[in-house]
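Colleague: Have a look at this one before I ask anything.
The values are calculated or read from the model by the stated rules, or taken from the named source; none is laboratory data. What you are looking at is a predicted structure, and each value in this text was computed from that prediction instead of being measured. Because the Cβ atoms are built from the backbone with ideal geometry, glycine has one as well, and the counts that use them run over all protein chains shown.
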Amino acid sequence: MAISKEKKGAALGDLKEWVDRSQAIIIVKYGGMTMPQLDKVRNEMRKAQGEFHVAKNTLATKVLEEHGLSVPEKWLTGQTAMSFCFKDPAAVAKSLGDLGKEFDKLQVVGGVLSGKALDAEGIKALASLPPLEVLRAQILGALSAPASSIVGALNSAVGSVMYALQAKVDKEQPASS
């Protein structure tokens, strides 16, 4: 369906803004889904701190090219929508994967992460990552573990020296009767 130049310009501006703000973009096919199903997808994307928008393929191609992002042409054919990941790409990918199990007509075809195109398997791998907060906690734990080991070793060494000194003092002092 043809749209006016004015509407095209507005849609293009929105797409540019979403691509600018996104850490990752996931492209899906949604043909045959009902409006209530699409509304559920949109709501789930918002919960995952992303957005889900149906995109005109020519406009999506144009915006991606302007941002230096290239994806296979076949990804942007037919009824296409894009999920924009603003905070945690893994959470959005996981949410889309779960929704794809619920709605068989929702199919992830690929996406872009850090300027690189990922196929559907790459997006599935992204979805298997733990949430961002868990990753941060794991990194902090890994960084603080050596420091904790050093503190424990120093405490143990100081304790051993103290016990040895106390034993020497006890041995040299005459027993009181």
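Colleague: What do you reckon, is G9 assigned by TED's automatic domain parsing to the domain that holds A117, of a type outside the set (D, E, K, R) and part of a loop (DSSP other than H, G, I, E, B)?
Modeller: Working: assigned by TED's automatic domain parsing to the domain that holds A117: yes; of a type outside the set (D, E, K, R): yes; part of a loop (DSSP other than H, G, I, E, B): no.
Against the criterion (assigned by TED's automatic domain parsing to the domain that holds A117, of a type outside the set (D, E, K, R) and part of a loop (DSSP other than H, G, I, E, B)), G9 does not qualify.
Colleague: Looking only at helices (runs of 4 or more DSSP H) that fall completely inside the stretch 29-124, which ones have 3 or more residues that are of a type in the set (V, I, T) and under 20 Å from K8 (Cα atoms)? Even if it seems obvious, please write down each step before you answer.
Modeller: Values: elements: 35-47, 57-66, 89-102.
Filter on the stretch 29-124 gives 57-66.
Colleague: Checking L140 against (1) modelled with pLDDT of 75 or more; (2) surrounded by 11 or more Cβ atoms within 10 Å (Cβ to Cβ); (3) not acidic (D, E), which single condition isn't satisfied?
Modeller: So the condition that L140 fails would be (2).
Colleague: Find all pairs meeting these conditions: Cβ atoms under 9 angstrom apart; at least six residues apart or on different chains; first residue within the stretch 35-58 and farther than 14 Å from V92 by Cα; second residue acidic (D, E) and loosely packed, with under 14 Cβ neighbours inside 10 Å.
Modeller: So the pair list comes out as Q37/E102.
Colleague: Only one of (1) in a strand (DSSP E or B); (2) in contact with a His (Cβ under 7 Å, 6 or more places away or on another chain); (3) over 17 Å from G122 (Cα atoms); (4) not small (G, A, S) fails for V19. Which number is that?
Modeller: Among (1) in a strand (DSSP E or B); (2) in contact with a His (Cβ under 7 Å, 6 or more places away or on another chain); (3) over 17 Å from G122 (Cα atoms); (4) not small (G, A, S), the lone unmet condition for V19 is (1).
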